[in-house]
Structures are given as C-alpha cells and as structure tokens.
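Enquirer: What follows is a single structure, and I will ask about it in a moment.
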Amino acid sequence: MSGAEHDGAERHGVVQPGATSREIYDGGMAVRREVLGDAHVDRANANKDEFTDDFQDMITRIAWGGIWTRPGLTRQMRSAVTITAMVAHGHWEELAMHIRAALRNGLSRDEIKEILLQTAVYCGVPSANTAFKTAQQVFREPGRRAHQRNPRHPTQLGSANCRFAPSKRQLLLPSWVPKNQRNHEPGFCVRRCAHPVRQVRLRPCRRPSG
C-alpha cells in the first residue's frame, strides 16, 4: 500500500479494507462505551428486543464504528457538532446524553456554555434556552464534579493546550496504526486520536520549522 493509500485508509477509522462487520461493530462498541459510559450502553443493550435489535446494531456499526472512530476530528469537536445538532432538532433527551458525553470527552462546562451560546444565534433563542436548562440539569446530577474529564481519553495526556506530543511518554494511538508508522508526522498531535486505542511508546514528533 502506498503512502497516499495508507493515509486514505487511516482516515476511515476502523472501517478498513477487509474489515469484517464484527470488527467494525466491536470498534464502534469500544468508542460508544468510552464516550457514553458503560452504564448507559449496558442499559441500552438490556432494553433492546427483537424489534429494536437491528436499530441498536446499526447505531453501533454506522454511527460509532463508521463515524466516531475516524481520526479527522477530535472527540471534543465531534461532541460540539453533535450538541449543536441536538439543539437544532430539539432532541432534549439526546442532548442531555451528549452533554454527559462531552464532559467525558474533555469539554469543560465553559466550553459547553460557549457552544450553547452560539446555538442561540444559529438555532434560535428558545431552543438555546431549553438547551441551557438541560445542561444545568446534567451539571446538577449527583456525583457530577465541576470539572469532570474522562481519564481514558488521549487528550488527558499532556497539558490542556498541548499541540505536540510530549517526548518519551506513553501516548495513545489507534490500534490499527502499523508498527512502522508509530512515530508522529510533523505537526500531528496525539489529541487527534478519537477511536479505540492502546498504549504505545512513540518517538518525539518534529516541530515544524519556523
């Protein structure tokens, strides 16, 4: 596989050439659990029956396996996009779920506030009003700390404003990255990793000149 072909394949997350439906499902389920939490996913699986089983399977394979595992956006960015979509369409129960997910993905309450403020301009003030109330309810949930982040997410390595991978420390990369590709390309930050991951030791990346 040429470099261009390899880069193109990487952009597709777990949906790799030759990947089985089971592999895509398992990759999607891993991300779904990391983003939404085991408790939520376990409840969804416990409540599915013959009528909803195909729908749950589709969500895991297509939404989580096909989209959320792609490395082109950080999980924080995907959370911001998803929150905006939930506000735009008035899906308040789903909004609450994805606000919880955004906190797990590393967004702060202030960042969520800024997202909701922007939805007031582009989705309408009444919708944003309900969104703020929904977020308040989530923030007040028992056990919800003021600054809760997901320690399993790769963005928790390094400083909050990190642009480059720290030298000589355990970093997180997609499990499908080949062994001979596990050094960062110039300007590629570990914060872009947004899929099932495992720990590997990397050589420090090169900062761009100038």
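The values are calculated or read from the model by the stated rules, or taken from the named source; none is laboratory data. Since this is a predicted model, take the numbers as computed values, not measurements. Reconstructed Cβ throughout: ideal geometry from the backbone, glycine too, with neighbour counts over all protein chains shown.
Enquirer: Hey, among ARG22, ARG75, ARG61, which residue is within 29 Å of PHE139 (Cβ to Cβ) and among the basic types (Lys, Arg)?
Expert: When all the criteria are applied, what remains is ARG75.
Enquirer: Looking only at region 71-96, count every residue that is out of contact with any Phe, Trp or Tyr (no Cβ under 9 Å at 6 or more places or on another chain) and either surrounded by fewer than 17 Cβ atoms within 10 Å (Cβ to Cβ) or free of Cβ contacts under 8 Å to residues at least 24 places away in the same chain (or both) and tell me the total.
Expert: So the answer is 12.
Enquirer: Let me ask another. Filtering region 94-144 down to residues that are out of contact with any helix residue (DSSP H, G or I) (no Cβ under 9 Å at 6 or more places or on another chain) and under 21 Å from ALA39 (Cβ atoms), which residue is modelled with the highest pLDDT?
Expert: Out of the qualifying residues, it is ARG140.
Enquirer: Could I ask something else about it? Given the conditions (1) in a helix (DSSP H, G or I); (2) in contact with a Ser or Thr (Cβ under 6 Å, 6 or more places away or on another chain); (3) over 26 Å from GLU141 (Cα atoms), report the number of the one that GLY13 does not fulfil.
Expert: (1)
Enquirer: Having 2 or more residues that are farther than 30 Å from ALA120 by Cα and out of contact with any strand residue (DSSP E or B) (no Cβ under 6 Å at 6 or more places or on another chain) is the bar; report the helices (runs of 4 or more DSSP H) wholly within region 16-97 that clear it.
Expert: 21-36, 38-47, 53-58
Enquirer: Here's another thing I want to ask about it. Just one of the numbered conditions (1) closer than 22 Å to VAL138 by Cβ; (2) surrounded by fewer than 20 Cβ atoms within 10 Å (Cβ to Cβ) is not true of ILE99; which one?
Expert: That leaves (2) as the condition not met.
Enquirer: In addition: Has region 21-28 got any residue that is touching an Asp or Glu at 6+ places or on another chain (Cβ under 8 Å) and surrounded by fewer than 21 Cβ atoms within 10 Å (Cβ to Cβ)?
Expert: yes
Enquirer: Of the residues that sit in region 102-140 and are free of Cβ contacts under 8 Å to residues at least 12 places away in the same chain and part of a loop (DSSP other than H, G, I, E, B), which one is surrounded by the most Cβ atoms within 10 Å (Cβ to Cβ)?
Expert: The selected residue is GLY124.
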